[in-house]
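Heads up: the structure comes next, in structure tokens.
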Amino acid sequence: MIAIEDVSKRYADGTVAVDRLSLQIPDHSITVLVGPSGCGKTTTLRMINRMVEPSSGTIRVNGEDIRSRPVNALRRSMGYVIQNAGLFQHRTILDNIATVPRLLGWSKERARARAAELMERVGLDPGMARRYPYQLSGGQQQRVGVARALASDPPVLLMDEPFSAVDPVVRRGLQEELLRIQEELGKAIVFVTHDMDEAITVGDRVAVMRTGGRLAQFASPDELLSSPADAFVEEFLGADRGIRGLSFLSTRELTLDRTAVFPVGSDWQEIAGRADTPAQVLVTDAGGRPLGWADPTAWGGEVEALEPHGQTFEVGRDSLRVALDRAVLSPTGQAVAVDGAGQVLGVVGQETIAAAIRAARRRRAADPEPGPSQVEAAR
């Protein structure tokens with residue numbers, strides 16, 4: 001969708017913001033530009049819609065040189081989302097979203113109908129339509145910004161650190177919302193961030209840029225974590241890149257222990273007398289959902305006396321990173337595995353998870369292309 005061909009940006013004082021950058025940005029994917037301050041990632045983004053003019057090189061969108069189109073027409077053909085949303089404070093939420101369609105000549109009724117449709121798509125209550133930006137939270141304003149960028153159904157969406165100004169919980173929700181919308185609409189999204197965790201979370205491909213506007217590595221998040229191109233990329237990824245890499249390993253192949261799981265109405269004296277009964281067992285309700293941990297030799301059957309079971313993980317949906325986190329935080333060192341309905345499938349300890357990690361890495365080394373289950377787990 002977007003071809004950046006040997007593009008540079010040099011300013012009059014001699015500063016080189018981007019240096020001979022070449023990137024192929026595919027359709028139906030999220031490409032993330034990440035790197036330290038001053039590496040040229042925002043300049044690159046702004047050159048795509050000619051907010052900044054390249055000094056040399058060519059940028060093509062769908063095969064067409066962007067310089068062949070009037071600049072206003074080019075910008076209106078692309079969605080653009082920035083920090084703090086950049087909303088018009090004197091316009092209602094509905095009219096903010098309808099801005100570009102109105103500029104393109106849509107009738108007010110059609111533009112507002114499209115805006116109302118997009119409010120629902122980005123998770124905004126229809127009752128907010130007549131409110132003004134100052135009446136919304138930061139996260140809600142960012143959702144409005146995304147909706148406004150999508151209003152004319154552009155093939156390209158440019159996002160310049162759109163979620164960096166909100167708190168981590170809201171940020172995670174916005175990232176998940178973006179992935180859901182992208183799954184439905186399949187845009188070519190170019191996303192700028194300085195946060196490597198965010199890049200790995202939302203990106204199909206990640207371009208790591210170094211100071212001076214040079215490309216250090218362009219790869220999938222999985223490849224980036226497992227095979228950094230050089231010392232700069234490795235240092236930028238941080239000391240915990242091995243843990244981050246577990247996000248791309250599925251829990252489908254985990255060996256789960258069912259011998260430590262019993263329903264609440266079981267004969268606890270009989271269970272406690274077995275030689276193979278673990279020191280701690282997981283008690284479930286009649287529907288198979290976890291209630292908590294118990295010492296079968298001492299527990300009297302009172303549900304309120306159970307030790308909390310901790311957070312669960314869903315087999316196949318969650319990654320080995322999530323499973324390991326659940327096991328580390330569990331009071332027994334055992335993570336509780338559930339299905340999509342929340343019913344217990346078994347428990348798994350840290351040693352078993354570690355063995356699964358080693359096995360998964362051996363399989364990956366033999367077959368470096370990530371399979372569907374790995375991509376699904378990462379998402």
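For the residues GLY127, GLY139, GLY186, GLY123, the requirement of being touching a His at 6+ places or on another chain (Cβ under 6 Å) and assigned by TED's automatic domain parsing to the domain that holds GLY79 singles out GLY186. Could you give every pair whose Cβ atoms fall below 9 Å, whose first residue belongs to the stretch 333-362 and is closer than 23 Å to GLY287 by Cα and in the same structural domain as TRP293 (by TED's automatic domain parsing), and whose second residue is among the polar types (S, T, N, Q) and in a helix (DSSP H, G or I), counting only separations of at least 6 or pairs across chains? Going by the 9 Å Cβ cut-off, the qualifying pairs are GLN334/GLN350; ALA335/GLN350.
Within the stretch 231-261, the set of residues being within 24 Å of the chain's Cα centre (by Cα) and among the small types (Gly, Ala, Ser) comprises GLY238, ALA239, GLY242, GLY245, SER247, SER250. Aliphatic (A, V, I, L, M), in a helix (DSSP H, G or I) and either at positive phi or in contact (Cβ under 8 Å) with a residue 40 or more places away in the chain (or both) - does that describe any residue in the stretch 231-245? Yes, some residue in the stretch 231-245 is aliphatic (A, V, I, L, M), in a helix (DSSP H, G or I) and either at positive phi or in contact (Cβ under 8 Å) with a residue 40 or more places away in the chain (or both).
Each row is one residue, and each column tells you yes or no for (1) among the aromatic types (Phe, Trp, Tyr); (2) modelled with pLDDT under 95; (3) surrounded by fewer than 13 Cβ atoms within 10 Å (Cβ to Cβ).
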{"position": "THR15", "(1), (2), (3)": "no, yes, yes"}
{"position": "THR31", "(1), (2), (3)": "no, no, no"}
{"position": "GLY38", "(1), (2), (3)": "no, yes, no"}
{"position": "LYS41", "(1), (2), (3)": "no, yes, no"}
{"position": "MET47", "(1), (2), (3)": "no, no, no"}
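Just to be sure, is SER22 in a loop (DSSP other than H, G, I, E, B), touching a residue at least 12 places away in the same chain (Cβ under 8 Å) and farther than 26 Å from GLN135 by Cβ? For SER22, the condition - in a loop (DSSP other than H, G, I, E, B), touching a residue at least 12 places away in the same chain (Cβ under 8 Å) and farther than 26 Å from GLN135 by Cβ - is not met.
Would you confirm, using the coordinates I've provided, whether GLY14 is assigned to a loop (DSSP other than H, G, I, E, B), on the phi > 0 side of the Ramachandran plot and in the same structural domain as LEU179 (by TED's automatic domain parsing)?
Working: assigned to a loop (DSSP other than H, G, I, E, B): yes; on the phi > 0 side of the Ramachandran plot: yes; in the same structural domain as LEU179 (by TED's automatic domain parsing): yes.
Considered against the rule, which asks whether it is assigned to a loop (DSSP other than H, G, I, E, B), on the phi > 0 side of the Ramachandran plot and in the same structural domain as LEU179 (by TED's automatic domain parsing), GLY14 comes out as yes.
Among ARG75, ARG67, which is within 20 Å of VAL146 (Cβ to Cβ), assigned by TED's automatic domain parsing to the domain that holds VAL206 and free of Cβ contacts under 8 Å to residues at least 40 places away in the same chain? Checking each option against the conditions leaves just ARG75. Which condition does VAL61 not pass, out of (1) loosely packed, with under 15 Cβ neighbours inside 10 Å; (2) in contact with a Leu (Cβ under 9 Å, 6 or more places away or on another chain); (3) not aromatic (Phe, Trp, Tyr), if it passes all the others? The one condition VAL61 does not meet is (1).
Take the residues in the stretch 96-112 that are among the charged types (D, E, K, R) and surrounded by fewer than 19 Cβ atoms within 10 Å (Cβ to Cβ), then tell me which one is nearest to VAL190 (Cα to Cα). Only one residue tops the list, namely ARG102. In the stretch 267-290, the residue that is farthest from VAL303 (Cα to Cα) out of those that are charged (D, E, K, R) and surrounded by 11 or more Cβ atoms within 10 Å (Cβ to Cβ) is ARG289. A single member of VAL206, VAL192, VAL146, VAL202 is over 28 Å from ALA229 (Cα atoms), surrounded by 22 or more Cβ atoms within 10 Å (Cβ to Cβ) and assigned by TED's automatic domain parsing to the domain that holds LEU103, and it is VAL146.
The values are calculated or read from the model by the stated rules, or taken from the named source; none is laboratory data. Keep in mind the model is a prediction, meaning the values are calculated, not measured. Cβ atoms come from the backbone with ideal geometry, glycine included; neighbour counts cover every protein chain shown.
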